[in-house]
Amino acid sequence: MAASLLCRRTALLFDITQLSSKLNFLPAIIQQVAHYNPRPLWVNIKNPYIPDKSSEKTPDWQKTDKYDRKLFGRYGLSSGVNPAKLWPSHAKLEEMIAEEREWHPPLEVMLENIAAREKEKTEKRMQREKLIATNMAKMPKMVADWKKQKQEAKQKQREEKVKKERLLAEARERFGYALDPRSSKFKEMVDEIEKEEKKKRKLLKRKKREDDLAPASAESSQ
C-alpha cells in the first residue's frame, strides 16, 4: 500500500513538473489570464449606504427616483426604499404608453402605415406617368412650333439684313458716300425713311378703304 501511494505521488509530481515546463513556453498574456484571481465584488448588505435626502451635503442626483430604483435593485428592502414609490405615476404611465404607441405601434397600425405609404407612392408614380404621357403627346406640336420659331427667326434676320443693305445703299445714293450705320446721320435718315413709309402705308390704307366704299355708294345712289 505504501509503495502504491508513493508511486501515485511520484506520478502526480511528474505531471505537475511537465505542466510547469509547458507553461513556460506559453505567451506571457496567456499565463497572466491563467493566473488571474479577481477580487470579489464588495457589497455591504448589512450596512448599505443610504443617502440622507434632507441633508444639503447629499448630491441632487442621489435624491432622484432613479437613484432610489438603483438602491432597491442593489440592496432590496435593506435600502429602506418603498417599492410602491418606484412604480410610475398615472401621468408618467400615460406618457410611457403614448411613447410606446408612437415608437412601437401595434402590427395592425404598422401594416396600415405601410399600405398608406404604398398607396401614396403608387399615386405619385401614376401622376408622373400621366404627366410624361401628356408631354409626349404634346411633343410633335412642340417640335413643330420650335422649328417654326427657328424659321421665323432666320427669316427675320434675313429681312433685317436686306433692310440694312437697302438703307446703306440708299444712304450712299443720297450722300454720295457710304455712311457708318452707327452714325447719327444714318440714324436720322432711317427715321426719316420710316416716317415716309408709315405715311405711304396710311395713304394706301385710306385709298383701299375708299375703293371698298365706292361700289357701295354707287349702288345706293342708283
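The values are calculated or read from the model by the stated rules, or taken from the named source; none is laboratory data. It should be emphasised that the depicted structure is a prediction, and the values quoted were computed from it without experimental measurement. For neighbour counting, all protein chains shown are included, and Cβ atoms are generated from backbone atoms with ideal geometry for every residue, glycine included. Side chains included, ligands, DNA and RNA excluded: accessible areas come from the protein's heavy atoms. Shrake-Rupley method; radii C 1.70, N 1.55, O 1.52, S 1.80 Å.
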So for R0 = 45 Å, FRET eff. of GLN149-LYS121 from the Cβ-Cβ r, to 0.05, ends up at 0.70
Log entry: pair-distance distribution for the stretch 87-139, C-alpha pairs binned every 10 Å from zero, whole % per bin is 21, 24, 19, 16, 12, 6, 2
ARG158 and SER89 label points (each 7 Å along its Cα→Cβ direction) are spaced in nm at 9.0 nm
Given a 1.4 Å probe, the accessible area of the stretch 103-222 per residue, as a whole number of Å², is 93 Å²
The value for the stretch 62-169 (convex hull of the alpha-carbon atoms, volume per residue, Å³) is 270 Å³
Expressed as a percent, the accessible surface of the stretch 86-222 that is carbon or sulfur, using a 1.4 Å probe and the full set of protein chains, is 57 percent
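How large is the convex hull of the Cα atoms of the stretch 121-194 per residue, expressed in Å³ as a whole number? Please report the intermediate quantities before stating the final value.
Working: hull volume 9.4 nm³, N = 74.
Hull volume normalised by residue count: 128 Å³.
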